[in-house]
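Asks: Could you have a look at this structure, given as structure tokens, before my questions?
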Amino acid sequence: QALLVESGGGLVQSGGSLRLTCAASGYIRDINFAAWYRQAPGKERELVAKITRGDSRDYGDFVEGRFTITRDNRLNRVYLQMNSLKPEDTAVYLCNADVLLYGGDAYQEYWGQGTQVTVSP
């Protein structure tokens, strides 16, 4: 089993910045893609950013150049730098990764528990 743990959330004023970290642990051989999703109360979960092994990146339309996803393959970590935060960015941010474990024969998708981001006006 792999475990994804998010950190870095919190309360920030509009226009501020936060850096989220997703730490993957376990007997991990490889991480194919990794992504950040978010879910606000009463809304569907939506993709924030995704990064592949080859560093190809995709972002939700609402990001508008404010966020940057990066990964550290040596440490099995994924980061989300969020700048110019808006109140509408308030949500639980969840890490998602496609992981191959040592001894495994297929990639499996894992989710973290999430970290709360709250942006005040």
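The values are calculated or read from the model by the stated rules, or taken from the named source; none is laboratory data. Keep in mind it's a predicted model, so treat the numbers as computed, not measured. In this analysis, Cβ positions are derived from the backbone assuming ideal geometry, glycine residues included, and neighbour counts consider all displayed protein chains. Remember, those area values only see protein heavy atoms, side chains included, never the ligands or the DNA or RNA. Shrake-Rupley method; radii C 1.70, N 1.55, O 1.52, S 1.80 Å.
Results for (1) open to solvent by less than 20 Å² (accessible area, probe 1.4 Å); (2) β-branched (Val, Ile, Thr); (3) closer than 20 Å to Thr118 by Cα; (4) in contact (Cβ under 8 Å) with a residue 40 or more places away in the chain, shown as yes or no for each residue.
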{"site": "Gln1", "(1), (2), (3), (4)": "no, no, no, yes"}
{"site": "Gln13", "(1), (2), (3), (4)": "no, no, yes, yes"}
{"site": "Thr21", "(1), (2), (3), (4)": "no, yes, yes, yes"}
{"site": "Asp30", "(1), (2), (3), (4)": "no, no, no, yes"}
{"site": "Ala40", "(1), (2), (3), (4)": "no, no, yes, yes"}
{"site": "Gly54", "(1), (2), (3), (4)": "no, no, no, no"}
{"site": "Glu64", "(1), (2), (3), (4)": "no, no, yes, no"}
{"site": "Asn73", "(1), (2), (3), (4)": "no, no, no, yes"}
{"site": "Leu85", "(1), (2), (3), (4)": "yes, no, yes, yes"}
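Asks: Next up: Tell me, which residue of the range 105-121 that is open to solvent by 30 Å² or more (accessible area, probe 1.4 Å) and assigned to a loop (DSSP other than H, G, I, E, B) is farthest from Ser14 (Cα to Cα)? Step through it out loud before you land on a result.
Replies: Step one: list which residues in the range 105-121 are open to solvent by 30 Å² or more (accessible area, probe 1.4 Å), which gives 105-109, 111, 113, 116, 118, 120-121.
Okay, now just the ones that are also assigned to a loop (DSSP other than H, G, I, E, B), so 105-107, 113, 121.
Details: Asp105: 45, Ala106: 42, Tyr107: 38, Gln113: 25, Pro121: 5 Å.
Among residues in the range 105-121 that are open to solvent by 30 Å² or more (accessible area, probe 1.4 Å) and assigned to a loop (DSSP other than H, G, I, E, B), the one farthest from Ser14 (Cα to Cα) is Asp105.
Asks: If you don't mind, there's one more thing I want to ask. May I ask you to say which residue of Tyr59, Tyr102 is open to solvent by 30 Å² or more (accessible area, probe 1.4 Å), farther than 18 Å from Val12 by Cβ, touching a residue at least 40 places away in the same chain (Cβ under 8 Å) and not polar (S, T, N, Q)?
Replies: On the way: Tyr59 fails: touching a residue at least 40 places away in the same chain (Cβ under 8 Å).
One residue alone meets the criteria, Tyr102.
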